[in-house]
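Heads up: the structure comes next, in structure tokens.
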Amino acid sequence: ATPTALMVGTSRAAKMGVLIKDGQALEEINAVKTIAFDKTGTITVGKPVVTDVVGDQTQTLQVAGSLESSSEHPLAKAVVEKSEGEQVKLLPVTDFKAVEGQGVTGKVDGQKTFVGSLKLAEDTQVPQEFKEQASKLQNEAKTVVYVGLGNKLIGLIAIQDTPKKSSATAIAQLKARGLRTVMITGDNEQVAKVIAKQVGIDDVIAGVMPNQKSAVIESLQKDGQKVAFVGDGINDAPALTTADVGIAMGSGTDIAIESGSIVLVHNDLRGVVRALSISQKTFNRIK
Ligand code: ADP
Ligand code: MG
């Protein structure tokens, strides 16, 4: 494209809330065959809410709320909000530790505790009843975190984050253009699959550790396939850089916005479709 055509395309995109940080991204998105998406905050609203507590509600929320008070994770905020809403008295925590992609651990009242995925519950006996409840909740697209006290599992907390209304429309339009869509998430596979189905995403890669997202992008790039990645979190930054086209949500963390070469100001996946159509108009016309 001529410099003028590129400028016209970039400014047209900006008016639609699609910020193109470099012209090459606008050209490359035309050649993309696969678009990968982060789940939380990208496909979903990113404001998780506690929907169910299994086990003794007060004790479960007391342990979990106390521990999660020190965490910045969106799931932690949901747990603390619920504990406060139920007026559960929070206790002091010592030896707090955040385990990346898994949850948090620490001592409450001198006893070892954890809140997080099943990986953190490894040394703890998980009663069959809890396993069945967890599976049922996950099939409802709820993320389940396990709460441990001492060497016992005392409860489950189900947390729900719903897809943005625009996500399904955008995914359908991307698929109509012949693109493959993939979800990459640290969340549990069952939950990820239900949400993928709700918005029409083809493939799910779940249980991905935060530092592995960029390796997953590399695996999608096998055979020279051009891959775009859309994300918003701190842990999405390396994947945004590795992808042929990194697309950040405007509501995302600073580092994600810095790492992306396209930014979606309206935090809406229809911006990806807009970027594609402007790219086509800009580059196909002047060959
Ligand atoms: P995502 O890819 O959705 O951003 P993360 O990698 O941040 O997910 O977390 C993956 C999983 O680790 C969560 O689904 C949850 O099970 C667990 N987890 C991480 N941090 C916390 C926390 N502070 N409290 C409870 N669970 C957590
Ligand atoms: Mg996210």
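What follows is calculated from the coordinates using simple rules that are stated; it is not laboratory data. Computed from a prediction, not measured in an experiment: that's the story for all the values here. Cβ atoms come from the backbone with ideal geometry, glycine included; neighbour counts cover every protein chain shown.
Miscellaneous remarks
- As a summary of the residue check, Gln198 satisfies the conditions (1) within 14 Å of ligand 1 (Cβ to nearest atom); (2) in contact with a Pro (Cβ under 9 Å, 6 or more places away or on another chain); (3) part of a helix (DSSP H, G or I) except for the one numbered (1).
- Considering residues of the stretch 23-58 that are in contact with a strand residue (DSSP E or B) (Cβ under 9 Å, 6 or more places away or on another chain) and part of a loop (DSSP other than H, G, I, E, B) only, the residue nearest to ligand 2 (Cβ to nearest atom): Gly46
- Checking Ala64, Ala78, Ala134, Ala98 one by one, the residue that is within 22 Å of the chain's Cα centre (by Cα), hydrophobic (A, V, I, L, M, F, W, C) and within 16 Å of ligand 2 (Cβ to nearest atom) is Ala78 and no other.
- Complete set of residues in the stretch 203-251 that are assigned to a loop (DSSP other than H, G, I, E, B) and either under 15 Å from the mean Cα position of the chain (by Cα) or within 13 Å of ligand 2 (Cβ to nearest atom) (or both): Ala206, Gly207, Val208, Met209, Asp232, Gly233, Gly250, Ser251
- Residues (farther than 21 Å from Asp203 by Cβ and either among the hydroxyl-bearing types (Ser, Thr, Tyr) or not in a strand (DSSP E or B) (or both)) located in the stretch 130-161: Phe130, Lys131, Glu132, Gln133, Ala134, Ser135, Lys136, Leu137, Glu140, Tyr146, Gly150, Asn151
- Scan of the stretch 5-52 for residues that are within 16 Å of ligand 1 (Cβ to nearest atom), more than 17 Å from Ala196 (Cα to Cα) and among the acidic types (Asp, Glu), ordered by number: Asp52
- In the stretch 206-255, the residues that are within 11 Å of Phe37 (Cβ to Cβ) and without any contact (Cβ under 8 Å) to a residue 40 or more places away in the chain: Ile247
- The set of residues in the stretch 162-178 that are part of a helix (DSSP H, G or I) and among the β-branched types (Val, Ile, Thr) comprises Thr169, Ile171.
- Residue check for Gly271: within 13 Å of ligand 2 (Cβ to nearest atom) and surrounded by 23 or more Cβ atoms within 10 Å (Cβ to Cβ): no
- The number of residues in the stretch 28-43 being under 15 Å from Gln280 (Cβ atoms) and either out of contact with any Ser or Thr (no Cβ under 7 Å at 6 or more places or on another chain) or of a type in the set (Phe, Trp, Tyr) (or both) comes to 4.
- Just one of (1) part of a strand (DSSP E or B); (2) more than 14 Å from Ser279 (Cβ to Cβ); (3) touching a residue at least 40 places away in the same chain (Cβ under 8 Å) fails for Phe96. It is (3).
- Of all the residues in the stretch 186-226, those that are out of contact with any helix residue (DSSP H, G or I) (no Cβ under 9 Å at 6 or more places or on another chain) and closer than 21 Å to Glu28 by Cβ number 6.
- Count of the stretch 137-165 residues which are within 16 Å of ligand 2 (Cβ to nearest atom) and in contact with a Leu (Cβ under 6 Å, 6 or more places away or on another chain): 1
- Complete set of residues in the stretch 245-262 that are surrounded by fewer than 21 Cβ atoms within 10 Å (Cβ to Cβ) and in contact with a strand residue (DSSP E or B) (Cβ under 7 Å, 6 or more places away or on another chain): Gly250, Ile257
- Residues of the stretch 101-148 that are exposed (fewer than 13 other Cβ atoms within 10 Å of the Cβ) and at positive phi: Gly110 alone.
- Checking Lys142 against (1) more than 9 Å from ligand 1 (Cβ to nearest atom); (2) free of Cβ contacts under 8 Å to residues at least 40 places away in the same chain, the condition it does not meet: (2)
- Taking the conditions (1) more than 25 Å from Ile20 (Cα to Cα); (2) away from ligand 1 (no atom under 12 Å from the Cβ) in turn, Glu189 satisfies each one other than (2).
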